[in-house]
Amino acid sequence: MWDSGTGAFQLPEWMIQFADQKQEFNKRPTKIGRRSLSRSISQSSTDSYSSAASYTDSSDDETSPRDKQQKNSKGSSDFCVKNIKQAEFGRREIEIAEQEMPALMALRKRAQGEKPLAGAKIVGCTHITAQTAVLMETLGALGAQCRWAACNIYSTLNEVAAALAESGFPVFAWKGESEDDFWWCIDRCVNVEGWQPNMILDDGGDLTHWIYKKYPNMFKKIKGIVEESVTGVHRLYQLSKAGKLCVPAMNVNDSVTKQKFDNLYCCRESILDGLKRTTDMMFGGKQVVVCGYGEVGKGCCAALKAMGSIVYVTEIDPICALQACMDGFRLVKLNEVIRQVDIVITCTGNKNVVTREHLDRMKNSCIVCNMGHSNTEIDVASLRTPELTWERVRSQVDHVIWPDGKRIVLLAEGRLLNLSCSTVPTFVLSITATTQALALIELYNAPEGRYKQDVYLLPKKMDEYVASLHLPTFDAHLTELTDEQAKYLGLNKNGPFKPNYYRY
C-alpha cells in the first residue's frame with residue numbers, strides 16, 4: 001500500500017507479521033504442528049524404519065520372489081526375479097540401451113567370430129540395469145556362460161532382470177531385496193551343482209568376499225577378478241597386502257576410461273536426476289556440502305554449481321582440496337556448515353563420514369544422500385532408535401523425525417543415490433562396460449605367468465582402444481602422427497600415447 005506521507009510503497013502490517021512468522025517456522029517446527037502435517041502425508045510408526053522390501057513397486061505382487069515358482073518360455077527355472085512376465089518390457093529397454101552403447105555393440109560384432117571368452121564361466125555381481133544387460137549379452141555372444149546377482153538391493157530394474165531370465169541367463173535379483181535376500185542371491189549364483197565359475201566380475205567386492213568366506217576352494221579354478229568400484233578395489237588391495245589374494249585382479253575403477261568418464265561425467269548428470277525425482281526441489285540458492293572431491297565429487301559439485309547452488313566441499317587430501325579451491329569451492333570441515341546446509345552429499349568411499357552427531361545438528365528438512373558405492377558413509381544405523389520416528393513418504397524417501405519435530409530427508413537409506421533413485425546416462429556406461437569386457441578377455445586369455453596374485457591396472461593401450469570405439473558417435477576425427485613426429489616423441493604411431501604415470 002502507498003504511504004500518504006512519504007509517497008513510497010510499503011507492505012501492509014499483516015504481510016510483515018506473516019513473513020516474521022514464516023522465518024520462525026523455518027527455524028524449528030513445533031512438535032504438534034509438524035507431526036500432524038506429516039501424518040496426513042503418510043502413515044507413521046516407530047518401527048517403519050526397517051527396510052527394503054517396502055520399496056518395491058506397490059503395483060507388484062508382494063510375494064517374495066524366493067517363494068514363487070516361475071519358468072521362462074524354454075521351461076527353465078534357474079533364476080529368481082520379481083516377475084518373469086515383465087520380460088517383454090525389459091527387452092525393449094535393453095534394445096534402447098543398445099543404441100547408446102556403440103563400443104560394446106562394435107566389440108560384439110568384431111569378436112563374435114573368434115569367441116575370445118569361449119569356456120569362460122563368469123559369475124557377476126553388479127547393478128542389474130539395461131546397460132548391464134547389454135554387457136551380459138555381449139559376454140554371452142563372445143562365448144561366456146554367465147550367472148548374475150545384484151550388488152545393490154535397490155538398483156535392479158525388475159523388467160530387465162526378467163528379460164535376461166527369459167533369454168536364458170541365470171539372474172537372481174529384484175528391486176527391494178532384504179539383506180538376507182541379497183546374500184541368498186549371491187549364493188545361488190555361486191553354489192550350483194555342475195557349474196563352477198572361473199572368472200569374477202564384481203562391483204563392490206561382496207561377491208569376492210562371499211566366495212572367500214564360503215567357498216575358498218573355488219579360487220583354485222578362478223583365473224581372475226575384475227572389480228569396478230572404489231570400495232571393491234580397496235578390499236582387493238587389503239587382501240593383496242595381507243598376502244591373501246590368491247588370483248590376479250584387474251582394477252577397472254582406476255582405469256582412465258572408468259574414472260575420468262563414468263565417475264565424473266555420469267555423476268555430473270545423475271546427481272541432479274536423483275535429487276529431482278525424489279525431492280522435486282529447486283537447486284538455485286540452496287546450500288550444499290559435498291563430502292569428497294574425487295572424480296565423483298567433482299561431477300556433483302560442477303552440476304550443483306551450474307544450477308546456482310552454493311557448494312561447500314570437505315576433503316582429507318590436500319591435492320584434491322586445492323583442486324576444489326581452484327575450482328571456486330569453499331573448503332570446510334563438516335562441523336562448520338552442518339547447521340546451515342540444505343543438502344549433504346557423501347562421495348568418499350569411507351565410513352561414518354556423516355555421524356549421528358552431524359545428523360542431530362542438521363537443520364529441519366535437510367536432505368541427506370550418498371553417491372558412493374557403499375552404504376557405510378552415512379551412519380544410518382544410529383537413526384534406528386526408539387526416540388526417532390521414520391516415515392516413508394515415497395519410494396526411496398524417508399523422513400526421520402526427532403522428538404522436537406525436526407526432520408531430515410534420507411534418500412535410499414544411505415545407499416547409492418543415482419542407481420537407487422533414478423537412472424544413469426547409458427553412453428557413459430558403455431565406456432565402463434567395454435572396459436570391463438576387455439579386462440575379462442585380457443585376464444581370461446593371458447598366458448600363465450603374465451599376471452601374478454596381485455592387483456593390476458588395465459593396460460594403457462586398452463584404455464585408448466575403449467576411447468577410440470566411442471569417438472565415431474561424435475563424428476570425431478583423430479589427428480595422426482607423422483613418422484617424423486612419432487620419432488621425435490619416441491612413440492608408436494598407433495599408441496599408447498601416454499606413459500602409465502600420466503595424469504589425465
Candidates Tyr265, Tyr237 - the one that is within 25 Å of Thr156 (Cβ to Cβ), surrounded by fewer than 22 Cβ atoms within 10 Å (Cβ to Cβ) and touching a residue at least 24 places away in the same chain (Cβ under 8 Å): Tyr265
Number of the condition not met by Asp398 [criteria: (1) closer than 28 Å to Thr126 by Cβ; (2) open to solvent by less than 50 Å² (accessible area, probe 1.4 Å); (3) not in a strand (DSSP E or B)]: (3)
Answer residue from region 430-458, given it is at pLDDT below 95, touching an Asp or Glu at 6+ places or on another chain (Cβ under 7 Å) and not small (Gly, Ala, Ser) and is farthest from Glu137 (Cα to Cα) among those: Leu457
Filter result (open to solvent by less than 80 Å² (accessible area, probe 1.4 Å), farther than 27 Å from Ala437 by Cβ and not small (Gly, Ala, Ser)) within region 465-492: Leu481, Thr482
Residue match in region 313-333 (condition: crowded, with 19+ Cβ neighbours inside 10 Å, hydroxyl-bearing (Ser, Thr, Tyr) and without any contact (Cβ under 8 Å) to a residue 60 or more places away in the chain): yes
Residues that are of a type in the set (S, T, N, Q) and open to solvent by less than 20 Å² (accessible area, probe 1.4 Å), drawn from region 240-262: Asn251, Asn253, Ser255, Thr257
Residue match in region 377-386 (condition: of a type in the set (Lys, Arg), surrounded by fewer than 17 Cβ atoms within 10 Å (Cβ to Cβ) and without any contact (Cβ under 8 Å) to a residue 40 or more places away in the chain): no
Residue in region 145-152 that is among the aliphatic types (A, V, I, L, M), open to solvent by less than 10 Å² (accessible area, probe 1.4 Å), part of a strand (DSSP E or B) and under 23 Å from Asp454 (Cβ atoms) present: no
Residue in region 108-122 that is most open to solvent (accessible area, probe 1.4 Å), counting only those that are farther than 25 Å from Gly204 by Cα and in contact with a helix residue (DSSP H, G or I) (Cβ under 6 Å, 6 or more places away or on another chain): Gln112
Residue match in region 153-163 (condition: assigned by the TED database to the domain that holds Glu98, open to solvent by 30 Å² or more (accessible area, probe 1.4 Å) and assigned to a loop (DSSP other than H, G, I, E, B)): yes
Top-ranked residue of region 203-234 - restricted to ones that are in contact (Cβ under 8 Å) with a residue 40 or more places away in the chain and open to solvent by 80 Å² or more (accessible area, probe 1.4 Å), ranked as farthest from the chain's Cα centre (by Cα): Lys223
Matching residues, region 411-436, being out of contact with any helix residue (DSSP H, G or I) (no Cβ under 7 Å at 6 or more places or on another chain) and assigned to a strand (DSSP E or B): Leu416
Residues of region 277-292 classified as assigned to a strand (DSSP E or B) and more than 17 Å from Gly328 (Cβ to Cβ), total: 1
Tally, over region 457-495, of residues that are touching a residue at least 12 places away in the same chain (Cβ under 8 Å) and either in a helix (DSSP H, G or I) or in contact with a strand residue (DSSP E or B) (Cβ under 7 Å, 6 or more places away or on another chain) (or both): 14
Selected residue (only one of Cys125, Cys189 is closer than 24 Å to Leu411 by Cα and open to solvent by less than 10 Å² (accessible area, probe 1.4 Å)): Cys125
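The values are calculated or read from the model by the stated rules, or taken from the named source; none is laboratory data. Since this is a predicted model, take the numbers as computed values, not measurements. Backbone-built Cβ (ideal geometry, glycine too); neighbour counts: all protein chains shown. Keep in mind that these areas ignore ligands, DNA and RNA; they rest on the heavy atoms of the full protein, side chains included. Shrake-Rupley method; radii C 1.70, N 1.55, O 1.52, S 1.80 Å.
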